[in-house]
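Structure first, then comments.
Here, each number is a calculation from the coordinates, and none is a lab measurement. Bear in mind that the values here come from a model prediction, so they are computed numbers and not experimental data. Note that each Cβ is placed from the backbone with ideal geometry, even for glycine, and that neighbours are counted across all protein chains shown.
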Amino acid sequence: MSAIVIFLALIAAVVGWWLSHQRLMSKPWLEAGPVTAFPETEASLMHPAKIGLGVFLAVVGTLFALLISAYFMRMVYADWQPAPVPKILWLNTAMLVLASIALQGAVSAAHKGQPDNLRLALLIGALASVAFLGGQLLAWRDFAAEGYFATENPATSFFYLLTAMHGLHIIGGLVALGRVNFRAWQSARSETLVLPTELCAMYWHVLLVVWVVLFCVLMGWAADLIDICRGLLT
Amino acid sequence: MVDLTPHGAGPISAAEVAEVELYHPHGWWTKYVFSQDAKVIAIQYAGTATAIGLVALVLSWLMRLKLGFPDTFASITPDTYYQFMTMHGMIMVIYLLTALFLGGFGNYLIPLMVGARDMVFPYVNMLSFWIYLLAVLVLAGSFFAPGGPTGAGWTLYPPQAITSGTPGGQDWGIILMLVSLILFIVGFTMGGLNYVVTVLQGRTRGMTLMRLPLTVWGIFTATVMALLAFPALFVACVMMLFDRVIGSSFFMPAIVEMGTNPLPHDGGSPIMFQHLFWFFGHPEVYIVALPAFGIVSDLISTHARKNIFGYRMMVWAIIGIGALSFVVWAHHMYVSGMHPYFGFFFATTTLIIAIPTAIKVYNWVLTLWRGDIHLTIPMLFALAFIVTFVNGGLTGLFLGNVVVDVPLAQTMFVVAHFHMVMGVAPILVVFGAIYHWYPKVTGRMLNEAMGRFHFWVTFLGAYLIFFPMHYVGLVGVPRRYPEIGDTAFVPPSVHTLNEFITIAALVVGFAQMVFLFNLLWSIRHGRPAGDNPWRATTLEWQTAGTPPPHGNFGKELPVVYRWAYDYSVPGASEDFIPQNDPRPRTQGGSA
């Protein structure tokens with residue numbers, strides 16, 4: 001359970017930092033009147049959708065931290081035999097990086113009010129993500145063709161479980177990104193698309209980070225890293 | 001007295017508050033069925049939770065009948081008993097208490113109490129309810145599935161949960177249960193995002209965190225915890241579904257079923273499931289308890305006409321309990337075996353939680369001290385909660401110690417403990433809260449005589465059920481057994497006590513029917529309540545009408561000038577000053 005405890009410690013740090021700005025030491029029973037003196041204790045000016053997505057991504061992070069925790073807990077048992085990870089995952093990773101870069105480009109295009117660039121960047125982002133998903137399916141096919149089915153070994157079961165979970169999150173994101181694409185092609189006004197594009201980019205960046213971590217776990221690097229840390233500690 | 005207004009500045013105009021775009025219903029369907037108004041969604045949540053809760057209540061009767069009169073109810077086989085037990089536990093903990101506190105009270109009270117027109121994402125909020133309803137229907141559907149619902153116990157421990165010796169293990173029962181839980185978690189996450197972001201972003205001007213009523217603090221913190229804890233159950237459910245449906249071996253060790261039938265699994269770790277389950281399961285206790293703590297604080301303060309004692313400490317305690325509850329989960333696994341240092345660590349963290357909890361209890365008592373206590377029905381339930389919670393909490397201190405827990409873990413003592421602390425105590429708060437806020441929801445008071453009858457029968461009856469159960473457990477009567485039979489260490493008095501407990505349970509159950517009748521009867525025949533029958537300070541009592549209209553407040557959102565507990569302020573003309581009253585305290589107290 002170390003992965004999830006570390007992740008929650010990070011969340012606790014963020015929450016603690018935020019709470020430290022909320023005057024938890026104040027004595028509300030002695031204070032009356034409008035609070036113009038402490039504007040930071042009021043609701044922030046950030047758009048609720050951004051904060052909502054941030055909270056949701058914390059939940060998504062918790063989910064994957066738990067899956068990784070389970071992975072590490074399971075891998076110490078004797079029957080664990082990691083399978084060679086399909087090579088195509090490297091290409092898929094590149095596709096997801098491309099999608100993330102494209103969406104970042106879309107954000108700056110939306111800010112600058114360049115509808116053509118925005119459309120192009122959004123389209124590249126969506127297509128690269130679809131390519132990523134297709135690549136993951138190919139990886140599954142190769143994996144199964146080599147005889148690694150989901151029930152073969154816990155390591156292969158985890159391979160399918162982790163990639164499926166991540167893929168489902170990408171599919172969910174693609175629904176939103178598809179709608180943004182549709183709206184971008186319908187209207188020439190890019191300023192209404194600033195917020196949705198930013199939300200998509202934020203979601204993609206986090207899912208990219210999640211994927212990179214999962215990739216490290218599946219490649220066995222994470223386990224090596226833990227061994228090194230353990231060696232240093234003892 | 002610190003005045004936060006810069007010198008010379010008048011009250012802020014409400015026009016500075018950014019208005020949210022509200023979705024306006026166009027017809028009957030979008031107003032009452034597919035509604036995006038949090039108040040309607042709250043009632044939908046509460047109604048669904050109550051309906052499925054009644055099923056769980058009936059299941060508890062059937063279990064008690066079997067335990068009290070095993071020969072008369074021989075038709076209840078051990079298999080059906082396990083099914084009743086599993087469904088009773090799962091429904092009560094997740095589909096009733098969690099859904100009612102967060103989906104019901106959270107939806108109704110958060111926007112009203114923080115001064116918002118609605119939740120920040122009303123459409124997602126509506127989806128949340130419909131997915132919850134689907135989860136409940138899938139769960140209820142498992143009663144009609146071949147093989148019936150799962151009988152794996154509410155903890156669903158593998159390997160037994162998915163082997164054929166357990167009811168529903170190789171049939172549809174366990175699959176439907178896991179699917180229903182997954183749906184519930186998806187639906188809850190949608191609602192939970194709303195509750196959190198509404199508290200963060202929906203607060204009206206002047207409503208700082210330290211001016212929030214403790215009800216909102218409790219629900220808010222519990223929601224944050226639930227958002228972080230439910231994924232653990234989600235992961236556990238998905239992985240068990242893999243094991244059950246495609247035959248992987250996440251949790252399932254190599255196992256030979258019924259002595260002859262080897263299952264396809266190999267090498268999995270059942271302990272891993274327990275870690276994941278209790279990583280969710282223990283915070284779940286506080287996910288139910290924290291809203292109850294918050295609500296009870298407000299009930300006590302309002303009905304004792306006195307400011308809450310130690311508001312800051314109450315807030316810190318809520319945050320502290322929320323954080324600590326994530327590092328105590330393995331105390332549910334003492335008998336599963338673990339490294340002694342881990343046992344020591346988890347026993348220590350478990351006992352440390354008693355400190356913020358005790359602070360809260362002391363503060364409630366000190367709020368009552370020399371208060372102008374009105375023994376209204378909400379107050380009676382609040383007082384009953386304090387007593388019951390202390391009772392259940394003390395037996396929790398017994399069980400938190402590894403050496404005491406190991407002999408008691410498998411006995412009825414544990415059943416008595418968790419029913420006191422997690423069943424009866426929060427339900428008493430639910431009742432108190434319903435008596436308190438029903439006038440706001442419907443515009444009418446609940447009938448007083450029926451209410452008092454309901455209170456006394458429920459409160460005393462719950463003690464008649466669960467107090468003797470501690471003794472039954474101490475003599476070693478094991479839990480999870482449908483009948484004990486003639487066992488040497490069980491004295492005959494236990495059988496008499498079991499019959500007594502069963503009769504008490506039936507009577508308490510009957511009192512709940514009176515309560516439900518009261519809920520329906522008072523909608524038409526209750527005494528009109530007016531806008532603020534309890535003369536309370538918080539914003540939900542200062543709405544434009546009762547019940548509050550769509551959009552909650554009138555043309556302008558209220559601006560908050562003070563904390564939520566200005567009761568019996570010396571020098572004020574009334575014994576309460578609403579949060580949106582701009583006048584300095586000495587002149588405050590509008591009629």
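Largest first and in whole Å, the equivalent-ellipsoid semi-axes of the range A:79-233 read 35, 17, 11, each the square root of five times a Cα gyration tensor eigenvalue. Sorted ascending by nearby beta carbons within 10 Å, beginning with the fewest, A:Phe132, B:Phe553, A:Phe149 become A:Phe149, B:Phe553, A:Phe132. Reducing the range A:199-234 and the range B:126-203 to their Cα centroids gives an inter-centroid distance of 31 Å. Between B:Asp71 and B:Phe467, the FRET efficiency from the beta-carbon distance, with R0 = 30 Å, is close to 0.70.
Ordering A:Thr234, A:Thr62 from the fewest to the most neighbouring beta carbons within 10 Å gives A:Thr234, A:Thr62.
Reported to the nearest whole Å, the Cα centre-to-centre distance from the range A:8-27 to the range B:373-436 is 30. Using a simple spin-label model with pseudo-atoms 7 Å out from Cα toward Cβ, B:Ser568 and A:Val5 lie 4.7 nm apart.
Between B:Ser493 and B:Ala354, the FRET efficiency estimated from the beta carbon spacing at R0 = 35 angstrom works out to 0.60. Each 10 Å bin from zero holds the following percent of Cα-Cα pairs in chain B: 3, 16, 27, 27, 16, 7, 2, 0, 0. Across all directions, the average projected area of the convex hull around the alpha carbons of the range A:117-205 is 6.2 nm². Can you tell me the FRET efficiency between B:Leu62 and B:Leu516 if r is taken as the Cβ-Cβ distance and R0 is 25 Å, rounded to the nearest 0.05? Working from the Cβ atoms, E equals 0.85.
Using the Cα centre as the reference, give the magnitude of the dipole from point charges on the C-beta atoms of the protein assembly as shown (Lys, Arg: +1; Asp, Glu: -1; all else neutral), rounded to the nearest 20 debye.
It works out to roughly 1460 debye.
Remark: spin-label model distance A:Phe149-B:Lys31 equals 5.8 nm, labels positioned 7 Å along the Cα→Cβ axis.
Mean residue ellipticity at 222 nm, helices only, the protein assembly as shown: -21000 deg cm²/dmol; runs of at least 4 DSSP H residues each add -39,500 (n - 2.57), and the sum is divided by the number of residues. Highest average first, the peptides B:528-541, B:486-499, B:201-214 ordered by how many other beta carbon atoms sit within 10 Å of their residues are B:201-214, B:528-541, B:486-499. Solvent-free Debye calculation, one equal scatterer per alpha-carbon of the protein assembly as shown: log10 I(q)/I(0) at 0.05, 0.07, 0.08 Å⁻¹ equals -0.28, -0.56, -0.74.
For the range A:19-116, what does the alpha-carbon gyration tensor say about shape, rounded, prolate or oblate, given a ≥ b ≥ c as the root eigenvalues, a/c under 1.5 as rounded, and a/b over b/c as prolate?
oblate
Checking the cross-link pairs A:Lys27/B:Lys360; A:Lys27/B:Lys440; A:Lys27/A:Lys50 against a 25 Å limit on the alpha carbon distance flags A:Lys27/B:Lys440; A:Lys27/A:Lys50 as lying beyond it.
In chain B, taking the dipole from charged Cβ atoms about the Cα centre, the farthest positive-side position among B:Leu460, B:Gly545, B:Phe84 is held by B:Gly545.
Summarising the label geometry, the points placed 7 Å from Cα in the beta-carbon direction at B:Asp486 and B:Arg524 lie 5.8 nm from one another. As a proxy for reagent exposure, ranking B:Met258, B:Met422 by other Cβ atoms within 10 Å from fewest up yields B:Met258, B:Met422. By the rule of a C-alpha distance below 14 Å, with chain neighbours fewer than 8 residues away ignored, the aspartates and glutamates paired with B:Lys66 are B:Asp79, B:Glu483, B:Glu499.
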